[in-house]
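J.: This is the structure, below, for whatever I ask next.
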Amino acid sequence: MIPESVRVVEVGPRDGLQNEPSALPPDVRADFILSLQSCGLKHIEGGSFVHPERVPQMRGTDQVLARLPLAGECRFPVLVPNVRGLEDARTAGARDIAVFAAASETFSQKNINCGIRESIRRFRKVCTQAQASGITIRGYISCVMGCPYEGDIPVSAVEEVAVQLIELGCHEISLGDTIGVGTPGKTGELIETLGNQINRNRIAVHFHDTYGQALANIYAALQQGVSVIDSSVAGLGGCPYAQGASGNVATEDVVYMLNGLGVQHGIDLEKLVQAGRNICTILNRPVMSRVNLAMR
Ligand code: HMG
Ligand code: MG
C-alpha cells in the first residue's frame, strides 16, 4: 500500500550542483538552499566535504553551512567520504552526514579511490566518531540497478552493502540508481528483496532520470512501502564519476505526482517551480522538470 506521507530529500544543492560545469560561490549556494527551505522542504543536502580538486563545485561547503540555520527544524546533511571529511563537517557545525558506498567495485574505485571492503572499513571509523558526536548518518549505495563500468549489478551485491551500512549505524539507506537504468519491475524486486533484511521505513530511493524511468520507479517504490524520496529541483544533477549520468528526478515532478496520489509532503509546488527557475537562470541552463515547464 502507498504511504500516506513521504519525506522528500532535496539533493539539488549537492548532487545537482556538483555536476554543473561552473562552480557557484558559497553564498549563492546558501541562498539557493534557503529558497528551497522556504518551499517547505525539511531535508536539503548542503554539500560535501570531499577533495576540492575532485569536485571543485563543492568547495566552500563550510561557508555554505555557516549561512544556514543548522539548529532549526530543517536538516542539511553533507556527504563525507572519510574521517578527514567528518572532521571538516563537524567543525562546520553539521548535524547530519551521509557516507557513500557502491554496489560496484569499479565504481567505488573511481568515485572514492578504494574498493567496497576498504570503503566500509573507512566508514566504520567515520560512523563511530559521528555517533559519538551525536551526528546522524545516512548511507548511500551507488549503482544499485547497474554500473557504467560493470553493467548489471546483482541484488545480492546491494544487499551485502546495505546490511553493513545499517550495522555501522546508518539510520537510512538511500538506493542510488546512479545512471538511471532501472525500470519499475526491477525497482519492485530490489526493494522486496532488501525489505527482507531492512525495515522498509529505512529505505530511501535516489533515482537519476537518464532513461526517463525515475517517476515510474518511484511509484513502484511507493507501492513497496518506501516513504523517502531523493530528488533535485529542476532536475539538476548527475555524477562526476559516472559518464552519461543525467540529473536526478526533478522535485517538481515528484511533488506533482504525489499531489495526484494524495500523498502528503509539505512542499509548496508554486514556490518550488520558482526556485527551480531561479537556479537555472543563475546557471544559464534549461529547466529539466516537465512539470516546471508545463506550469510556465
Ligand atoms: P584519496 O586520494 O584516496 O585520499 O581520495 P587520500 O586519503 O589518499 O588523500 C589524498 C589527498 O586528499 C590528501 O591531500 C588528503 O589530505 C586529501 P594531499 O596530502 O595530497 O594534499 N583528502 C581530502 N581533502 C579534502 N576532503 C577530504 C579529503 N580526504 C583526503 N575529505 C577521496 C579519497 C574520497 C577524498 C577522493 O577520492 C574524493 O574526494 N572523491 C570525490 C567523491 C565524490 O564526491 N563523488 C561524488 C559524490 S557521490 C555521488 O554523487 C553518488 C550519489 O549521488 C548516489 C548516486 O547517485 O549513486 C551519492
Ligand atoms: Mg546521485
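The values are calculated or read from the model by the stated rules, or taken from the named source; none is laboratory data. As the structure is a computational prediction, the values presented were derived from the model and not from experiment. A quick note on method: Cβ atoms are made from the backbone with ideal geometry, for glycine too, and the neighbour counts reach across all protein chains shown.
J.: Looking at (1) within 24 Å of R200 (Cα to Cα); (2) of a type in the set (K, R); (3) more than 20 Å from the chain's Cα centre (by Cα), which is the one condition that is false for R138?
T.: (3)
J.: Right, another one. Please enumerate the residues belonging to the stretch 263-296 that are basic (K, R) and part of a loop (DSSP other than H, G, I, E, B).
T.: Within the stretch 263-296, R285, R296 qualify.
J.: Turning to a different aspect of this structure: So the check is Cβ under 7 Å with 6+ separation or different chains; which pairs have a first residue in the stretch 163-179 that's surrounded by fewer than 23 Cβ atoms within 10 Å (Cβ to Cβ) and a second one that's assigned to a loop (DSSP other than H, G, I, E, B)?
T.: V163/Q197; I166/I198
J.: Is it the case that the stretch 181-204 has a residue that's within 16 Å of ligand 1 (Cβ to nearest atom), under 28 Å from A250 (Cβ atoms), among the acidic types (D, E) and out of contact with any helix residue (DSSP H, G or I) (no Cβ under 6 Å at 6 or more places or on another chain)?
T.: no
J.: Tell me which residues, restricted to the stretch 127-150, are in contact with a strand residue (DSSP E or B) (Cβ under 6 Å, 6 or more places away or on another chain) and of a type in the set (A, V, I, L, M, F, W, C).
T.: Those that are in contact with a strand residue (DSSP E or B) (Cβ under 6 Å, 6 or more places away or on another chain) and of a type in the set (A, V, I, L, M, F, W, C): C127, A130, I135, I137, I141, C143, V144, M145.
To keep it simple, each residue is scored yes or no on (1) within 18 Å of V11 (Cβ to Cβ); (2) free of Cβ contacts under 8 Å to residues at least 60 places away in the same chain; (3) within 15 Å of ligand 1 (Cβ to nearest atom).
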position: L68; (1), (2), (3): yes, yes, no
position: V80; (1), (2), (3): yes, yes, yes
position: G85; (1), (2), (3): yes, yes, yes
position: A103; (1), (2), (3): no, yes, yes
position: R124; (1), (2), (3): no, yes, no
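J.: Of the residues that sit in the stretch 198-220 and are farther than 15 Å from G188 by Cα and not polar (S, T, N, Q), which one is surrounded by the most Cβ atoms within 10 Å (Cβ to Cβ)?
T.: If we take residues in the stretch 198-220 being farther than 15 Å from G188 by Cα and not polar (S, T, N, Q), then H208 is surrounded by the most Cβ atoms within 10 Å (Cβ to Cβ).
J.: Please verify whether the stretch 248-262 includes one or more residues that are outside any helix (DSSP H, G or I), at pLDDT 95 or above and out of contact with any helix residue (DSSP H, G or I) (no Cβ under 9 Å at 6 or more places or on another chain).
T.: Yes, some residue in the stretch 248-262 is outside any helix (DSSP H, G or I), at pLDDT 95 or above and out of contact with any helix residue (DSSP H, G or I) (no Cβ under 9 Å at 6 or more places or on another chain).
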